[in-house]
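Since the structure comes first, as structure tokens, the remarks are kept for the end.
The values are calculated or read from the model by the stated rules, or taken from the named source; none is laboratory data. Predicted model only: the values in this text are computed from it and were never measured. Every residue, glycine as well, gets a Cβ built from its backbone with ideal geometry; the counts of neighbours run over all protein chains shown.
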Amino acid sequence: MATEAQGEEGGLVLHPMDQFKVEPLFGGDTVAWYTITNVTLWMALAVVAVAALLVLGSSRRAIVPTRMQSVGELAYGFVYKMLEDITGKEGVKYFPYVMTLFMFVVMANFLGLLPMAFTTTSHIAVTAVLALGVFLGVTVLGFVLHGAKFLGLFWITEAPLILRPVLALIELISYFVRPVSHSIRLAGNMMAGHAVIKVFAGFAAIAAVSPLSVVAVTAMYGLEVLVSFIQAYVFTILTCVYLRDALHPSH
Amino acid sequence: MEGDIVQMGAYIGAGLACMGMGGSAIGVGNVAGNFLSGALRNPAAAAGQTAMLFIGIAFAEALGIFSFLVALLLMFAV
């Protein structure tokens, strides 16, 4: 979507949406499914960074942890506690998936904050795959664990009988909107923040306001560091909530 | 200006869609403010509810993001 940005209007030196263009790394300008683009590069870098952090962090297993080990342990404990608080003991089985999601999203968000970097999570194509994976996985899991009883998620027995069909319709709609909102929340937040930074950076070309623009970019950057983490946290916590619905469908 | 009226309508619509983000801002502020007032009354219970705070904020914020998306689509895709 963001790749369709038009660069025709004048005024701004750099168009705020130019940073989201998907371009092949090794020449050519057609993007097929096998083309290695800047998205591929930055997603691979995110995976490498996660693997480096966790493998190098846990390789020494010192009593007094090094910096890398403490960060790895913090991340592990953070995700574990979040999953256990929400889904209970039964959900701990699915910890590897949730941990993978969290580490990938948080690392992709943080790598996107580097200057000249490409924010992979700002593309709905990337986040939609992650969210659809969660949605399909959770739905299949619910049916495998509970069979037809999983549909009790939509048929709320505590409500009066007359209201139940209406509630079932609402629950059904809200269930199918989940992957949409789950993916758009992450992509929208990342795209909006980075576009705002670029808009302020565009004002730096006007000499009178350039000091103000530098201050604004710095402030927005600080906010973006916070948003990157919070959005990864929200993405993971919603995964946990959906997982809880699959494990305990009868509210 | 030779721009056609459809383009004008799209830009006006994009501006109008941004008003939805204001509504979402009110919602997020409401969630956070109510959490804070509750947390100040009973600070001992606050730590266990931060997950609920973020879930509430995420749900309120999603609708603002939807309107932002509509604005973007009107600006760049339509």
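Restricting region B:43-58 to residues that are touching a Gly at 6+ places or on another chain (Cβ under 9 Å) and more than 17 Å from residue A:229 (Cα to Cα), the residue that is nearest to the other protein chains (Cβ to nearest Cβ) is B:49. With respect to residue A:128, is the statement that it is modelled with pLDDT of 90 or more and among the small types (Gly, Ala, Ser) true? Yes; evaluated as a whole, the condition is true for this residue.
Let's see how each residue does on (1) aliphatic (A, V, I, L, M); (2) more than 20 Å from residue A:18 (Cα to Cα):
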residue: A:198; (1), (2): no, no
residue: A:201; (1), (2): yes, no
residue: A:204; (1), (2): yes, no
residue: A:208; (1), (2): yes, yes
residue: A:217; (1), (2): yes, no
residue: A:221; (1), (2): no, no
residue: A:226; (1), (2): yes, yes
residue: A:234; (1), (2): yes, yes
residue: A:243; (1), (2): yes, yes
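Checking the structure you have, find out if any residue of region A:146-157 is within 24 Å of residue A:244 (Cβ to Cβ), at pLDDT 90 or above and among the basic types (Lys, Arg). There is no residue in region A:146-157 that is within 24 Å of residue A:244 (Cβ to Cβ), at pLDDT 90 or above and among the basic types (Lys, Arg).
In region A:40-48, the count of residues that are modelled with pLDDT of 90 or more, farther than 25 Å from residue A:18 by Cα and among the hydrophobic types (A, V, I, L, M, F, W, C) is one or more. Counting only residues that are loosely packed, with under 12 Cβ neighbours inside 10 Å and under 24 Å from the mean Cα position of the chain (by Cα), region A:20-31 holds 0 of them. Taking (1) more than 16 Å from the chain's Cα centre (by Cα); (2) within 17 Å of residue A:54 (Cβ to Cβ); (3) more than 14 Å from chain B (Cβ to nearest Cβ); (4) touching a residue at least 40 places away in the same chain (Cβ under 8 Å) in turn, residue A:90 satisfies each apart from (2).
Residues in region A:34-65 that are touching a Gly at 6+ places or on another chain (Cβ under 8 Å) and of a type in the set (Ser, Thr, Tyr): A:35, A:58. Based on this model, can you work out whether residue B:7 counts as more than 10 Å from chain A (Cβ to nearest Cβ), under 25 Å from residue A:21 (Cβ atoms) and without any contact (Cβ under 8 Å) to a residue 24 or more places away in the chain? It is true that residue B:7 is more than 10 Å from chain A (Cβ to nearest Cβ), under 25 Å from residue A:21 (Cβ atoms) and without any contact (Cβ under 8 Å) to a residue 24 or more places away in the chain. Counting residues in region A:182-191 that are hydroxyl-bearing (Ser, Thr, Tyr) and surrounded by 16 or more Cβ atoms within 10 Å (Cβ to Cβ) gives one or more. Regarding residue B:24, is this residue surrounded by 17 or more Cβ atoms within 10 Å (Cβ to Cβ) and of a type in the set (S, T, N, Q)? Taking the combined requirement at face value, the residue satisfies it.
Residue B:33 fulfils the conditions (1) surrounded by 14 or more Cβ atoms within 10 Å (Cβ to Cβ); (2) away from chain A (no Cβ under 14 Å) except for a single criterion, (1).
Quick one: would you say residue A:41 is in contact (Cβ under 8 Å) with a residue 40 or more places away in the chain and among the aliphatic types (A, V, I, L, M)? In short, yes.
If you go through region A:100-130 and keep only what is under 22 Å from residue A:23 (Cβ atoms) and β-branched (Val, Ile, Thr), you end up with A:119, A:120, A:121, A:124, A:126, A:127, A:129. Inside region B:60-78, residues that are crowded, with 17+ Cβ neighbours inside 10 Å and at the interface with chain A (Cβ under 8 Å from one of its Cβ atoms) make up a count of 7.
When region A:179-193 is filtered for residues that are at the interface with chain B (Cβ under 9 Å from one of its Cβ atoms) and of a type in the set (Gly, Ala, Ser), the ones remaining, listed by number, are A:181, A:187, A:188, A:192. Of the residues making up region A:197-216, those that are touching a residue at least 60 places away in the same chain (Cβ under 8 Å) and either within 14 Å of another protein chain (Cβ to nearest Cβ) or under 26 Å from the mean Cα position of the chain (by Cα) (or both) are A:198, A:199, A:201. For region A:41-75, filtering for residues that are outside any helix (DSSP H, G or I) and of a type in the set (Lys, Arg) leaves 2. If I filter region A:220-234 for residues that are within 14 Å of chain B (Cβ to nearest Cβ), within 30 Å of residue A:79 (Cβ to Cβ), touching a Lys or Arg at 6+ places or on another chain (Cβ under 9 Å) and polar (S, T, N, Q), do I get at least one hit? There is at least one residue in region A:220-234 that is within 14 Å of chain B (Cβ to nearest Cβ), within 30 Å of residue A:79 (Cβ to Cβ), touching a Lys or Arg at 6+ places or on another chain (Cβ under 9 Å) and polar (S, T, N, Q).
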